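Quick notes on the structure that follows.
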Amino acid sequence: MENCAEIRGLCVSFNGEEVLHGITTDIPRHGITVLLGRSGSGKTTLLRALNRLNESFAGYMGTGTVRLAIGGGMKPVYGSEAPDLTRIRRSVGMVFQSPNPLPLSLRKNMILPLELTLGLKRDEAEGRMEKSLRDVGLWDEVKDRLNRHAASFSGGQQQRMCLARTLALEPDILLLDEPTASLDKKSAELIEEHLKKLEARIPLIMVSHSLAQARKLGAHFKILSEGRIINEFEREALPRGEAAEVFLEELL
Ligand SMILES: Nc1ncnc2c1ncn2[C@@H]1O[C@H](COP(=O)(O)OP(=O)(O)OP(=O)(O)O)[C@@H](O)[C@H]1O
């Protein structure tokens, strides 16, 4: 199976305390990979190891290797052979638990990263904005209100905008850290619907606390406990229907 990530002996510590203990795993290119585990098991830290976000925190230390399918081949993300950090962050998009719009209009939220990161001209950026907002089913809802402050939209709309803003940069891999945790059921379902469509286009690696969501979206599952992967399996291993959630719960 083609991989989007190959992780070998990954250890991460903060202030001398090791929180990931030699993780070795492959993440397939196709199908959503879901990271599950109890609170504090290291899911977010593992996700952040992929775009080197752990480095932004005080007291970080890491060893091991991570190779990602970015820029048309498998590339190390740590060490002297790695592309520069800006390039890595652009290639590995991330959507966080709560929407994080810039304190600007929705249009500026979408356009600025395209102009500043990709150097697109205004017309091109506007076109890309529309396409990405359509991808997340938001265009028709917001097209007449693009100059309104991003924070004035609903939480679900803001989160879809954040997803669109990340997708507009055309990342090679998309990381999702509990992307629906702050949303109501209906908004969460909308995001799930769009993630399901995106999986054909881009590798998605997602942390989720919702077993129902994991069952709905996951193709590959990795269960973490105390900084280690303790179980890995494919969708086919899940029992049918809601029994899948009981099965997953028992593994956590
Ligand atoms: N920036 C940081 N500084 C210090 N310790 C950290 C930092 N980030 C994570 N940790 C520690 O690493 C361990 C794993 O945390 P992490 O957030 O990765 O777990 P998680 O499984 O994502 O938890 P949750 O489901 O509650 O979000 C925890 O003990 C946490 O306190």
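With all protein chains present, how much of the accessible area of segment 3-251 (probe radius 1.4 Å) comes from carbon and sulfur, to the nearest whole percent? Each step should come with its number before you reach the end.
Working: 5590 of 11380 Å².
Accessible surface attributable to carbon and sulfur in segment 3-251 totals 49 percent.
Of the residues Glu242, Glu193, Glu178, which exhibits the maximal mean-square fluctuation in a Gaussian network model of the chain defined by a 10 Å Cα contact cut-off?
Maximum fluctuation in the GNM of the chain, among the listed residues, is at Glu242.
So which residue, out of Ser154, Ser208, Ser41, gets the largest mean-square fluctuation from a GNM of the chain using Cα contacts under 10 Å as springs?
Ranking Ser154, Ser208, Ser41 by mean-square fluctuation puts Ser154 first.
Assign unit charges at the C-beta atoms only (+1 for Lys and Arg, -1 for Asp and Glu), then state the dipole size of segment 61-146 relative to its Cα centre in Debye, rounded to the nearest 20.
Dipole size: approximately 160 debye.
Collect residues whose amide H, placed 1.01 Å from N in the peptide plane, falls under 5 Å from the amide H of Leu10; neighbours closer than 5 in sequence don't count.
It is Gly22, Ile23, Thr24, Thr65, by chain and number.
Over the chain, with a Gaussian network built from C-alpha contacts below 10 Å, which listed residue (Thr24, Thr33, Thr166) shows the highest mean-square fluctuation?
Thr24
Report the Cα centroid-to-centroid distance between segment 1-48 and segment 118-178 in angstrom, as an integer.
Between the Cα centre of segment 1-48 and that of segment 118-178, the gap is 28 Å.
When ligands, DNA and RNA are left out and all protein chains stay put, how many square angstrom of accessible area per residue does the chain have with a 1.4 Å probe?
46 Å²
With r as the distance between the Cβ atoms of Ser152 and Leu112 and R0 = 22 Å, compute the FRET efficiency 1/(1 + (r/R0)^6) and round to 0.05.
Computed FRET efficiency for Leu112 and Ser152: 0.80.
Placing unit charges on C-beta atoms (Lys and Arg positive, Asp and Glu negative, everything else neutral), compute the dipole magnitude of the chain about its Cα centre in debye, rounded to 20.
That gives the chain a dipole magnitude of about 640 debye.
For the chain, what is the convex hull volume of its Cα atoms per residue in Å³?
128 Å³
The values are calculated or read from the model by the stated rules, or taken from the named source; none is laboratory data. Small disclaimer: the values here were computed from a predicted structure and weren't measured. Cβ atoms come from the backbone with ideal geometry, glycine included; neighbour counts cover every protein chain shown. With ligands, DNA and RNA removed, areas are computed over all heavy atoms of the protein, side chains included. Shrake-Rupley method; radii C 1.70, N 1.55, O 1.52, S 1.80 Å.
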